[in-house]
Amino acid sequence: MKSYAVNFVSVVVPVYNEEGCLEELISRSLAALEKTGKRYELILVDDGSRDRSVEIMTRAAETHPGQVVACILNRNYGQHSAIMAGFSLVRGDLVITIDADLQNPPEEFPRLVEAAEAGNDVVGTVRQNRKDSLLRTLPSKIVNIAAQRATGVKMHDYGCMLRAYRRHVVEAMKLCNERSTFIPVLGNSFARNTCEIPVGHSERAAGESKYSFFKLINLQFNLLTCMTTFPLRLMTYVGSGLAFFGFLLSIYIIIRRLFDSEDWSAQGVFTLFAIQFIICGVLLIGMGLLGEYIGRIYTDVRARPQFFIESVIGREDEAEKDGE
């Protein structure tokens, strides 16, 4: 594996109502980037915050021009769209992403740079001693397994956004036209060499998680359907299994009817109910999955911008203000 030098590091941070920890994030990130010994920029992407996040970002960009860039989106588009907006502004040959909640320490930036210089196109991270609840860790494990099968790249923690991407991987991701994206999986699909490093994990420094229980469920559906068509194939397997089960059950009912009285099954009423409930459940699940994929087709066909940048502060050469 050929190594290469990193000259310029860009860090992209999606921000949504993080006023409680944003100033600490900025100071710690700048200190960590200084330790890399590289040229750097910290790009903060506001994803429609309703607190003082924009004010804090703007002040930081004006205080550190050229080092801190505040990218203001016109509304909330979601975490991964906000990251794509940041990707449209990056100038570095290595791009690092990190969440704004400080659960993953910015002090890990030098280690990510070192791993990338070893020749890796994508550097993933594995959170050690996670501080999340079971409602966060269990769905994360399911998504990790699905992502491994979809990409063929066996990374263990796709849910951790503290990751590094070489510039050509970022440029490839920007060419993708799908509206629903999952950055870690999308990045791995364009990488030749990947690796993972263990990183620390802390409780949120301030505020609350933006993902409620139902949002987490919705996120899992989005991630699974944007990565693979396996759920549709699974429905074929389930349907085939039920058809085979129905065939065996019919033979069993015929045999029992020939040798026993009809009282044993309440004249077959309960058996019919059971079969009907199973079939109806499978049909409804199948229709739901088809609806998910058809909805994604509809969204992609409309080809609306994935994001729209309202303003960029802290950079003289403002990039284009709408997504591709």
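Below, the figures for the structure above:
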read-out	value
Packing-based exposure ordering (other Cβ within 10 Å, fewest first) of T36, T236	T236, T36
Stokes-Einstein diffusion coefficient of segment 79-121, Kirkwood radius over Cα pairs, 37 °C, 0.692 mPa s, in µm²/s	279
Additional length obtainable on full extension of the chain from E62 to C176, 0.36 nm per residue less Cα span	37.8 nm
Ascending count of other beta-carbon atoms within 10 Å, so fewest first, for R127, R256, R192, R315	R192, R256, R315, R127
Residue-span extension gain [N74 to E310] - 0.36 nm each, minus C-alpha spacing	84.4 nm
Simple spin-label estimate for L283 and S250 in nanometres, 7 Å along Cα-Cβ	1.7
By average C-beta atoms within 10 angstrom, highest first, the peptides 19-28, 161-170	161-170, 19-28
Proximal charge balance of R166 [Cβ under 9 Å; K/R count +1, D/E count -1]	-1
Residues S3, S49, sorted so that the one with the fewest Cβ neighbours within 10 Å comes first	S3, S49
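The numbers here are math on the coordinates, done by the rules we state, and not lab data. As the structure is a computational prediction, the values presented were derived from the model and not from experiment. So basically every Cβ, Gly included, is an ideal-geometry build from the backbone, and we count neighbours across all protein chains shown.
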